Each structure stands twice: as structure tokens, then as C-alpha cells.
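In what follows, a structure is listed as C-alpha cells, so that the remarks can point back to it.
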Amino acid sequence: MTDTQEKLLQSLSDCVVDMDEDKATEMAQTYVDNNFNAYKAIDQGLADGMERAGKLYEEEEYYIPELLMCSDAMYAGLDILKPHLDKEESGDKHRVVIGVVEGDTHDIGKNLVKIMLETSGFEVVDLGRDVPPMDFVRKAVEIGAQLIALSTLMTTTMENMERVVEILKEENQDNIKVMVGGGPISPGFAKKIGAHYSKDASKAVQLAKTLVQEAVPC
Ligand code: B12
């Protein structure tokens, strides 16, 4: 990676933390004008900034209004970068249903995972946030999805991930794999409920590729 690219990645991350929507747009434009890899800018720039903002919230330096302005800056950068993502085109697209589980409205991480999956050639159906467990199963069966990707940031809503896995079993649809992620989720929790875990959006892509290609035991 060149010095210029590294500096721009750092600036993109800083623009999010500094809640600077205009600068995020400008930096993202400079980044693409240099023909650097857009995927990296999301992963190591904008998403990194959002994770730093999240930590500042936990340290009580930022409050809800600041966080929302950080996410506005992140989305401003995304608008510029998204058209420049090199899409992996495959004739036979694997289908994924994604969403945030019922009771939870945190969707920034889910949106990043969705973008990365789409860029990597998956056909993604996004059910949004606060989605009842049954809706994931119904949609996955309806469109013939091989994978359901579930996100939650709250401990109180983790059980709704388990509910999705249970319904898949009850409906004899447990050939559909479940991938889970989000702040409180651990590999141990995923294993316990019969799902698969990935820590972040870029690792989620690698996991999704493995899951749709082979039956991985939990
Ligand atoms: C931003 C934020 C908000 C924003 C959300 C905006 C939005 N549209 O998403 C706002 C201000 C609205 C908000 C509201 C609330 N929040 Co809030 N919020 C956060 C905060 C600070 C950051 C989350 C974030 O966006 N991080 C940045 C993204 C990029 O990271 P991420 O989501 O973790 O995603 C990455 C990975 O986890 C992973 N990933 C995510 N999903 C998935 C899915 C799959 C399949 C995979 C493989 C990977 C994966 O990949 C992503 C990218 O790499 C966190 C604290 C934190 N540090 O996490 C609290 C936090 C999640 N919030 C919390 C709470 C309590 C709330 C509220 C209940 C507050 C209130 N009293 O009203 C409400 C929620 C109401 C509800 N029912 O949903 C708590 C949850 C506590 C708990 N243990 O349950 C936290 C942990 C803060 C805290 N320490 O108290 N919040």
C-alpha cells in the first residue's frame, strides 16, 4: 500500500469520527480519483471510523446525536465509493437473506456486511431491521437462499438468532445455513445455537463463500 493510500484511509476514518460529511465525500472522491481499491476504503476507512465512534460512545465522549452524525458521514463516503466497487460477477449467484433480528434497530454493521456480500457476487435480500424470526425463514425458503445472515448489537435480542435456527429445524429447512455477527456475538454463542460466526464484514464474505460451497459442521 502506498503512503498516499494509507493517509487517505486514515482521513476517511477520521472524517467519520469528526462527523464531517462534506470532508468524507471529498476524501472518498480523492480516493477513487487515485484508483485505489474501494473495498479497502470501506473496510479500513469508513467502517474503522464507525467502530472508533462506537468506542467513544462507550467511553461517554460521544452521545446519540454525535453517533448519528458519524453515521451520516459514513454513508456520505459510501455513496461515492459504492459505484467503484469491483463486483465479482458469477453466472450462478448464491442467495443470502440478511437482516437485524427482532427488537434491534442497529443496522450500520448489517449494511456494511450487505455491501461486502453484494460486491463479492452474492444476491442479497435485505429485510432491514427489527425483523421477526419467521420472516427470515419464510423469505429464505421463498427465494431459495442458501444462507441467512443475522445481525444484532444487543444482548437482549440475541435469543432471536437462536429462534431462527430453531424454526429452520422445525420446518425441515436446516439445509439453509445461518451466519451471525454483531457486538455481543461470540464464536461460542454461534456454536451453541448451531450457527456460524464472523467478526467483521470482510471476514463475513470469506465465511459466506465457504458456507454456500460446502456443508460446514458447526
Ligand atoms: C451507533 C449506535 C446506536 C445508533 C444506531 C444507529 C443505527 N441505525 O444503527 C443509535 C443512536 C440509534 C442507537 C440506539 C440504541 N442503542 Co446503540 N449503539 C451504537 C454503538 C455506539 C455503535 C454501533 C455501531 O454502529 N458500530 C459500528 C459498526 C460498523 O460496527 P458493528 O455494528 O459492530 O458491525 C460490525 C461487526 O459487528 C460485524 N457485524 C455486524 N453485523 C453482522 C452480521 C453478520 C452476519 C456478520 C457475519 C457480521 C456482522 O461486521 C460489522 C462491520 O465490520 C454501540 C456501541 C458499540 N461500540 O458497538 C451502541 C450499543 C449497541 N447500543 C446500545 C443500546 C442500549 C441502544 C439503545 C437501546 C439505547 C436507548 N436507551 O435507547 C438504542 C436501541 C434501540 C433498539 N431497540 O434498537 C448498547 C447495547 C447494550 C447491550 N448489551 O445490549 C450498546 C452496546 C452501547 C452500550 N455499551 O450501552 N445506538
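Under Stokes-Einstein, with the Kirkwood radius over Cα pairs standing in for Rh, what whole-number D in µm²/s applies to region 95-213 at 20 °C and 1.002 mPa s?
The estimated diffusion coefficient comes to 158 µm²/s.
From the P(r) of region 3-84, can you give the percent of Cα pairs sitting at distances over 15 Å?
Details: 1545 of 3321 pairs.
The proportion of pairs with Cα distances above 15 Å equals 47 percent.
Gain in length, D18 to M154, computed as 0.36 nm per residue apart minus the alpha-carbon separation, to one decimal in nm?
Gain in length upon complete extension: 46.4 nm.
What's the Kirkwood radius of region 47-87 in Å, using all Cα pairs?
Working: mean 1/r = 0.0909 Å⁻¹.
Evaluated over region 47-87, this radius sits at 11.0 Å.
Where in the chain are the DSSP H helices whose alpha-carbon span along the long axis reaches 20 Å or more and whose Kyte-Doolittle mean is at least 0.5?
Details: long enough: 3-17 (21 Å, -0.09); 64-81 (26 Å, 1.08).
Passing helices, by number: 64-81.
Rounded to the nearest 20 debye, what is the charge dipole size of region 3-84 about its Cα centre when +1 sits on each Lys and Arg Cβ and -1 on each Asp and Glu Cβ?
380
Take the alpha carbon atoms of region 149-218, find their radius of gyration, then divide it by 2.2 N^0.38 Å using N residues; give the quotient.
1.03
Starting from the Cα of I143, step 7 Å along the direction of its Cβ; do the same at K191; then give the gap between the two resulting points in nm.
Calculated label separation equals 3.1 nm.
Can you pull the semi-axes for the chain, root of five times each eigenvalue of the Cα gyration tensor, sorted largest first, whole Å?
The equivalent ellipsoid of the chain has semi-axes of 31, 20, 13 Å.
I'd like the distance separating the alpha-carbon centroids of region 66-135 and region 143-218, in whole Å.
A separation of 16 Å, based on Cα centres.
How large is the charge dipole for region 36-124, taken about the Cα centre, if only the Cβ atoms of Lys, Arg (+1) and Asp, Glu (-1) carry charge, to the nearest 20 debye?
Dipole of region 36-124, to the nearest 20 debye: 360 debye.
Step through the table entries K23/K203; K114/K169; K40/K93; K82/K191; K40/K192; K82/K169, compare each Cα-Cα distance with 30 Å, and write down the pairs that go over it. Numbers along the way, then the final one.
Numbers: K23/K203 28 Å; K114/K169 25 Å; K40/K93 23 Å; K82/K191 33 Å; K40/K192 32 Å; K82/K169 37 Å.
K82/K191; K40/K192; K82/K169, as the Cα separations exceed 30 Å there.
Given F189, A201, I148, which one lies farthest toward the positive end of the charge dipole of region 69-218, if we put +1 on the Cβ of every Lys and Arg and -1 on the Cβ of every Asp and Glu?
Towards the positive end, the residue furthest out is F189.
Compute the length gained on full extension between N172 and Y57: take 0.36 nm times their separation in residues and subtract their Cα-Cα distance, giving the result in nm to one decimal.
On the way: separation 115, 0.36 × 115 = 41.40 nm, distance 4.22 nm.
Difference between extended and current length: 37.2 nm.
Since every read-out is calculated from the coordinates, none of them should be taken as a lab result. Because the structure is predicted, anything quoted here is derived from the model rather than measured. No Cβ is skipped: glycine too gets one built from the backbone with ideal geometry, and neighbour counts run over all protein chains shown.
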